[in-house]
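Read the figures in this text as sums done on the coordinates, not as results from a lab. These figures come from a predicted structure and were not determined experimentally. Here the Cβ positions follow ideal geometry from the backbone for every residue, glycine too, while neighbour counts run over all protein chains shown.
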Amino acid sequence: MAKKHVAMLMGGFSSERPVSLSSGNACADALEAEGFSVTRVDVARNIASVLLELKPDVAFNALHGPFGEDGTIQGILEYLEIPYTHSGVLASALAMNKEQAKIVAKAAGVPVAEAKTMNRHAFTSSHPMKPPYVVKPVSEGSSFGVVIVKEDQSHPPQVITSNDWKYGDTVMVERYIHGRELTCAVMGDVAIGVCEIIPVGHQFYDYDSKYVAGGSNHVVPAKISLKIYQKIQTLALKAHQAIGCKGISRSDFRYDDRFSEDGELIWLEVNTQPGMTPTSLVPDIAKAAGHTFGELLSWMVEDASCLR
């Protein structure tokens, strides 16, 4: 039986365009190796007419950032009745808004850090929260615009109110959680594994540590107690289901075990379009769970649908 014709949606016009191109090309190569017919589509404003002409069996969504993972492209695909990968319109829009996603996750029993959302121009000479805290754009990915304010910093970061800021006027101020960076991939309705991320030469898991070779070490499975490992899997699946994610998602956590093994475990966010580059986390986690990159992507193509 002939394998499906896949339109690989990649590129786009968000700040995460380079990441998306890397993800899309890696996925297209792997799917072609699995026998699929793949057309690489660099997404522009005319995407609806391009897809109408192309008539793919499935749209593989390798876009990142606004338009690609905020429910917009998902709505276009629903309108065109083209089955697509990853989460649907509502879950994509919800997960992209960090404030709303935290509200839903917290209501489902997932522990989140204290936070407030504010206009960046409301930053004055005094801290909006007792340091240490983190300032992040409310609707960006790949750690764009994330600023960590340390305990000894006397005033809020000036970059937030500067003219150079290009991540929108609404920001989230969140209590900084000390400790280890952990992430858990969910595939369908199974939390397939937990990875610890150790940035190399970086203060935290920022853009370069995510996407530059050697920028971070991935420890899969994470070297933590079975109790904490299973707790992370439970919470990742709970967040995935509460927000309504489909296909693949990845939940990020901070785990502070400085004073005890139980420590403090905090959910940060869910990624409905996790990176699929050669240095990405989900392929590493899937590999440790016994899924090759090609098998993982083939599953995603077969899982694609409308009304997600």
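Between residue 169 and residue 295, what FRET efficiency follows from the Cβ-Cβ distance if R0 is 45 Å, with the result rounded to 0.05?
On the way: r = 43 Å, r/R0 = 0.96.
Step by step, r from the Cβ atoms, then E = 0.55.
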How many angstrom lie between the Cα centre of segment 232-308 and the Cα centre of segment 49-106? 17 Å
Rounded to the nearest 10 degrees, the helix 98-107 long axis (Cα) sits at an angle to the longest Cα principal axis of the chain of 80 degrees
Taking a ≥ b ≥ c as the square roots of the Cα gyration tensor eigenvalues, with a/c under 1.5 meaning rounded and otherwise prolate when a/b beats b/c, else oblate, which class fits segment 221-280? prolate
Under the rule a/c < 1.5 gives rounded, and otherwise a/b versus b/c splits prolate from oblate, where does segment 38-151 land using the Cα gyration tensor? prolate
Quote the relative contact order of the chain in percent (integer), defining contacts as alpha-carbon pairs under 8 Å separated by 6+ residues. 21 percent
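What area, in nm² and to one decimal, does the C-alpha convex hull of segment 1-92 cast on average over all directions? Could the numbers behind the result be given before it?
Working: hull surface 22.0 nm².
Directional mean of the projected Cα hull area for segment 1-92 stands at 5.5 nm².
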Calculate the spin-label point distance for residue 99 paired with residue 54, positioning each point 7 Å from the Cα along the beta-carbon direction, and give it in nanometres. 3.5 nm
Hey, what number do you get for the chain at 222 nm if only DSSP H runs of n ≥ 4 count, each worth -39500 (n - 2.57), divided across all residues, to the nearest 500? -9000 deg cm²/dmol
On the Cα set of segment 115-175, report Rg and Dmax in Å, please. 10.5, 28
Which of the residue pairs 150/231; 3/227; 116/238 have a Cα-Cα distance greater than 32 Å in the structure shown? 3/227
Would you mind calculating the gained length between residue 256 and residue 190 on full extension (0.36 nm times residue separation, minus the Cα-Cα distance), in nm to one decimal? 21.3 nm
